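The values are calculated or read from the model by the stated rules, or taken from the named source; none is laboratory data. All values derive from a computational prediction rather than experimental measurement. Every residue, glycine as well, gets a Cβ built from its backbone with ideal geometry; the counts of neighbours run over all protein chains shown.
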Amino acid sequence: MSMDPELRDLYQTMILDHYKKPRHYGRPAGADREAEGVNPLCGDEIHVYAKLVNDRIEEIGFEGSGCAISTAAASLMTDAVKGLTTGEVEALIERFHDLVTGQSHESGSELGKLAVLAGVREFPARVKCATLAWHALRAALEGTGEPVSTE
């Protein structure tokens, strides 16, 4: 599924904005969950932190370094999941993964700003960049403390 050129330009602008000015960057006070994600192929390293209160993400943040896609994806993810329950986050992880891997035939518009990453499905090597922070978030919420890798 090819994307409209104007929409692609808008999405690229949003991705660059989240890359240059990431939201929720840093470790939030009181974080009680954390996990690291590594993408050896691209060199991305993302550390996700969350503070849960009554099974809901009250605070979230991330640190690390990575390519524009992984940093923007982490920034967009933190915006999207703050305030959600762990069950809602798990469902969102699945929907986002289906969107960027092409397993969903939906436009992604129901995912709000996360839809800007729909274009990575056209570049399979970049899917790992877009999903890295999500894998780290899942590990943090599960409380394993084990680093996750895209390989």
Name the single residue, out of those in the stretch 28-43 being assigned to a strand (DSSP E or B) and not charged (D, E, K, R), that is surrounded by the most Cβ atoms within 10 Å (Cβ to Cβ).
37
Answer yes or no: is there a residue in the stretch 45-65 that is over 25 Å from residue 151 (Cβ atoms), among the charged types (D, E, K, R) and within 12 Å of the chain's Cα centre (by Cα).
no
Taking first residues from the stretch 131-144 that are within 23 Å of residue 121 (Cβ to Cβ) and second residues anywhere that are aromatic (Phe, Trp, Tyr), the pairs with Cβ under 7 Å that are 6 or more apart or on different chains are 133/62; 134/96
Please pick out the residue among 139, 133, 118 that is within 17 Å of residue 8 (Cβ to Cβ), crowded, with 18+ Cβ neighbours inside 10 Å and of a type in the set (A, V, I, L, M, F, W, C).
118
Quick check on my filter: what residues within the stretch 31-87 are among the hydroxyl-bearing types (Ser, Thr, Tyr) and within 12 Å of residue 133 (Cα to Cα)?
49, 65, 70, 71, 75, 78
When you look at residue 105, is it closer than 15 Å to residue 139 by Cβ and at pLDDT below 95, yes or no?
no
Could you pull out the residue among 133, 140 that is in a helix (DSSP H, G or I), under 18 Å from residue 20 (Cα atoms) and within 14 Å of the chain's Cα centre (by Cα)?
133
Step by step: first the residues of the stretch 44-68, then only those that are of a type in the set (A, V, I, L, M), touching a helix residue (DSSP H, G or I) at 6+ places or on another chain (Cβ under 9 Å) and modelled with pLDDT of 95 or more, then the one that is surrounded by the fewest Cβ atoms within 10 Å (Cβ to Cβ). Which residue is that?
52
Could you say whether any residue in the stretch 69-83 is more than 20 Å from residue 19 (Cα to Cα) and either buried (at least 21 other Cβ atoms within 10 Å of the Cβ) or in contact with a Ser or Thr (Cβ under 8 Å, 6 or more places away or on another chain) (or both)?
no
Just the residues that are under 20 Å from residue 33 (Cα atoms), in a helix (DSSP H, G or I) and among the polar types (S, T, N, Q), please, taken from the stretch 71-122.
71, 75, 78, 86
Note on the stretch 11-27: residues closer than 14 Å to residue 75 by Cβ, outside any strand (DSSP E or B) and touching a Phe, Trp or Tyr at 6+ places or on another chain (Cβ under 9 Å) are 22, 24, 26
